[in-house]
Amino acid sequence: MYPAEIEDYVRPGTVAEALTALSKYEAGDSLMLAGGQSAMQAVKTRLLRPRCVIDLQAISELKGVSANGGALRIGPITPYAALAKEASFTGAFQAINDAAARVGDRQVRNRGTIGGSLCWNYVAACMPPVALALNMEMELTGPNGSRKVAADDFIHGPLETAREDDEILVSLNLAAAPANTGSAYKKWGLVTDALPVIGVAIMITTDSSGACTSARVAIGGLGDGPCRSKAGESAFQGVSANDSDGIAAALQAASDETETQSDMWADADYRKLLIRSLGADVAASAFARAAG
Amino acid sequence: MKTTVNITINGESYEETIPNRMLLVDFIREVAVQTGTHVGCTYEGVCGACTIQLDGEAVKSCLMLAVQADGHKITTVEGLATGGKLTPLQTAFNEHHALQCGYCTPGILMNMDEFLKKNPNPTEDEIRHGLVGNLCRCTGYAHIVEAVKAAASK
């Protein structure tokens, strides 16, 4: 558990400087470090052997949350500790508060970042399913300019994303949510705040009577990487907060549709039970937040 | 392969040329010879014994390269007491028998010192949640929680 030799270390002050630093080595030979709480583990086990480490911590434009009307822009290197208490998420985007407050431990939350987690896309991570449920948009900048990618297209299989090696994740965008929208996230792990064996994120929009008009359901902790359950989302249509049978049916549809794996932490059937059990709590929170 | 860094530890500045791959905890222990910061889990980032404060924030020093701390201020357990006078948290650990072998204690002190600054009146649940990142295999945490509670009330 010790890093291999690292030829270069640079700490750019701007995204433009970071792109210049990236261009000095062949794509993939440089490692961008945000908080490094996952990436440094990979460097120490030598899963990653970067020739150059590009430390993003001094790029202030990548840090912080800003609002534009109801839309939000999250700087990718904003640490979990700040996201956990960010007031502008309340209601529609509150799943981010839920997830950020329970990632790892205090020390990890002081240093670890949302963008780092999304780019690493570890199977047992909280932020990827949250990004899927909230329909987050990732903005990437590379040598050929910028592009925007929806979370559905950004998040691939385990440890894989749409980001190219020469691109930097510069912004996480959330479009203004419709009225009566709420979201929540909950995970289950073997000990407090452990990596999720299953994590469930749900975003719900209701009409003025409280009936669901649209839902996004995303599940993490899966061997093939986080995914949405379209069957679960459809089944939430028309369901209200007090319709426990309707909620149970929607979560049954989600757990039936989702392919779960058996491993040392839990077997496949138990993971399906977790989807239903956590999902009931998450749906209740999301409905309550949608109602304000 | 090497970079010259200037890192301030407990108010003293250390300018050294070090390998880029050196972990911050090793800079603290081997270069600055401040050995109160411990390595419990062979650098895996799970035990919290190497917790220090980086610009006032509790972080694990085995999850950072030393070069990343260039230009930053670090406080270790040696930096808590001033003029030989222990902090209320340290005194509370003594009074409540919050350590047995003491190996995890420096990391817990550095974490809880920052925790109490951000949350001066914590509930027991908040204290226990705050301790998730620090493993103690002797005490069962009961006395540690008591000590943190006592320090908060001082």
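Here are a few things to note about the model shown:
- The condition of being in the same structural domain as A:Thr205 (by TED's automatic domain parsing), under 24 Å from A:Ala177 (Cα atoms) and not in a helix (DSSP H, G or I) holds for only one of A:Ala284, A:Ala241, A:Ala266, A:Ala250, that being A:Ala241.
- Within the range B:98-152, the set of residues being in a loop (DSSP other than H, G, I, E, B) and in contact (Cβ under 8 Å) with a residue 60 or more places away in the chain comprises B:Tyr103, B:Cys104, B:Gly133, B:Asn134, B:Leu135.
- For the range A:48-60, the criterion of being surrounded by fewer than 22 Cβ atoms within 10 Å (Cβ to Cβ), within 14 Å of chain B (Cβ to nearest Cβ), at pLDDT below 95 and within 29 Å of B:Thr17 (Cα to Cα) is met by no residue.
- Criterion: in contact with a Leu (Cβ under 8 Å, 6 or more places away or on another chain), touching a residue at least 12 places away in the same chain (Cβ under 8 Å) and within 14 Å of another protein chain (Cβ to nearest Cβ) - qualifying residue of A:Arg102, A:Arg111, A:Arg73: A:Arg111
- Test for B:Val25: is it touching a Cys at 6+ places or on another chain (Cβ under 7 Å) and either away from every other protein chain (no Cβ under 14 Å) or not in a helix (DSSP H, G or I) (or both): no
- Of the candidates A:Thr90, A:Thr78, the single residue that is of a type in the set (Ser, Thr, Tyr) and modelled with pLDDT under 95 is A:Thr90.
- Residues (out of contact with any Gly (no Cβ under 8 Å at 6 or more places or on another chain) and in contact (Cβ under 8 Å) with a residue 60 or more places away in the chain) located in the range A:221-236: A:Leu222, A:Gly223, A:Cys227, A:Arg228
- Tabulated pairs, the range A:171-189, first part of a strand (DSSP E or B), second acidic (Asp, Glu), C-beta under 6 angstrom, 6+ apart or interchain: A:Ser171/A:Glu139; A:Asn173/A:Glu137; A:Ala184/A:Asp98; A:Tyr185/A:Asp98; A:Lys186/A:Asp281
- Of all residues in the range B:28-52 being without any contact (Cβ under 8 Å) to a residue 40 or more places away in the chain and of a type in the set (Val, Ile, Thr), the one that is nearest to the other protein chains (Cβ to nearest Cβ): B:Thr42
- Pairs with Cβ under 9 Å, 6+ apart, first in the range B:53-67 and in a loop (DSSP other than H, G, I, E, B), second among the aromatic types (Phe, Trp, Tyr): B:Ser61/B:Phe27; B:Cys62/B:Tyr43; B:Leu63/B:Tyr43
The values are calculated or read from the model by the stated rules, or taken from the named source; none is laboratory data. Being a predicted model, the structure only gives us computed values, none of them experimental. Heads up, the Cβs are rebuilt from the backbone with ideal geometry, glycines too, and the neighbour counts pull from every protein chain shown.
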